[in-house]
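Please treat every number below as a calculation from the coordinates, not as lab data. What you see is a predicted model; the values in this text were computed from it and never measured. In this analysis, Cβ positions are derived from the backbone assuming ideal geometry, glycine residues included, and neighbour counts consider all displayed protein chains.
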Amino acid sequence: MIKEGVLFEELQNSRVKCHVCSHRCVIAEGRLGICGTRKNIGGKIHTTIYNTISSEAVDPIEKKPLYHFLPGTLSYSLGSIGCNFRCEHCQNWTISQVTLEEAYTMQITPEEAVRRALATGSRSISWTYNEPAIWHEYTHDSAVLAKKAGLKTVYVTNGYITPEALRRIAPYLDAYRVDIKSFSEDFYRKTCGARLAPVLESTKLAKELGMHVETVTLIIPGRNDSKEELTRIVRWVHDLGVDIPMHFTRFHPMYKMEDASSTPLKTLEMAYDIARKEGMRFVYLGNVPGHEHENTHCPGCSALLIDRTGFRVSSVRIKEGRCPECGEAIPVVI
């Protein structure tokens, strides 16, 4: 569905400048922005994917992954098509790197999305699978309705949203699960077709605006796996907050990186050790089901607080925001 958009600037010669994502595309009449979904029609920005759904699922919230936000609950999850990144290792490239004509889609209005979420017993709605920032009008309208219905709201994002767009949706957005793919501008430019700085800016702003923030770094052998780079990522997140959950996840070859190798477990464990040594209190490893570092332990007494295997939670032992053994405050949204 095509709908007139928001956050754009009208320029000369019928061009428009989009202010939803940090590319800030200048788009000529009849053309699309980098995301492939925001179009200049008559000198105004229009979203071509309002109501347009490519993916619908009821996921464990741990799949996002969010480990300190409603643990053990379900999240009604929606994705559309398109992306403002061109990641060579994208796991969802069949929806993020295709056109509307190439994808199978259906139409679900914001009102219907909230009804479906409630019917599934989900406690939240997540916009995920492709980049939600480019879907701003739909996710904003849906988030407003979701909050009225008592649902929590989640962005699973690459962090390339502008401050204007983030501030506009902030009153209705509870959780911001952001990828920090690397701490190298060169990596972002060559591997993703983007820049690092706006990602850091939006992550900091999300925290300032009161959202629950968790970070994910997919570790790719030979690309972003050096001790020095991982340390830089950790130190930046540490400055933002020692209680922010950090996830280091295992890469598996796909899309344009099929010739790469999977991440060695020792590299993931190195990242974990760096983060803990630097003072991060909650660090997790992903895509390694059954590993001890999937679980949440009390940073005070090491008691097991949340027991996980993959996306399954078998127990949550946090009482009134504290460890039941030593009373340490545990920043988890229950």
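With K and R counted +1 and D and E -1, the other residues having a Cβ less than 14 Å from that of residue 206 yield a net charge of -1.
Could you calculate, for the chain, the ratio of the Cα radius of gyration to the Kirkwood radius, expressed as Rg to Rh?
Numbers: Rg = 19.6 Å, Rh = 20.4 Å.
Checking Rg against Rh, the ratio lands at 0.96.
Contact order, relative form, for the range 1-89: 25 percent (alpha carbon pairs under 8 Å, 6 or more residues apart, mean separation divided by residue count). Kindly express, to the nearest 10 degrees and within the range 0 to 90, the angle between helix 136-148's C-alpha long axis and the longest C-alpha principal axis of the chain. Helix 136-148 sits at roughly 60 degrees to that axis.
Where the only charges are on Cβ atoms (+1 Lys, Arg; -1 Asp, Glu), what is the dipole of the chain about its Cα centre, to the nearest 20 debye? Please list the in-between numbers first.
Numbers: 41 positive and 39 negative charges, 69 e Å.
Charge dipole, the chain, about its Cα centre: 340 debye, nearest 20.
Taking the longest Cα principal axis of the chain as reference, the axis of helix 227-240 is set at about 80 degrees.
A 32 angstrom limit on the alpha carbon distance is what I want to check against. Which of 204/227; 256/277; 39/204; 3/207 exceed it?
In this structure, 256/277 exceed 32 Å between Cα atoms.
Below 14 angstrom from the Cβ of residue 112, what's the summed charge of the other residues (Lys, Arg +1; Asp, Glu -1)? It works out to a net charge of -1.
Taking amide hydrogens as placed 1.01 Å from N in the peptide plane, the amide H of residue 41 sits under 5 Å from those of 30, 46, each at least 5 positions away in sequence or on another chain. Taking Cα atoms only, the orientation of helix 265-277 departs from the longest principal axis of the chain by about 80 degrees.
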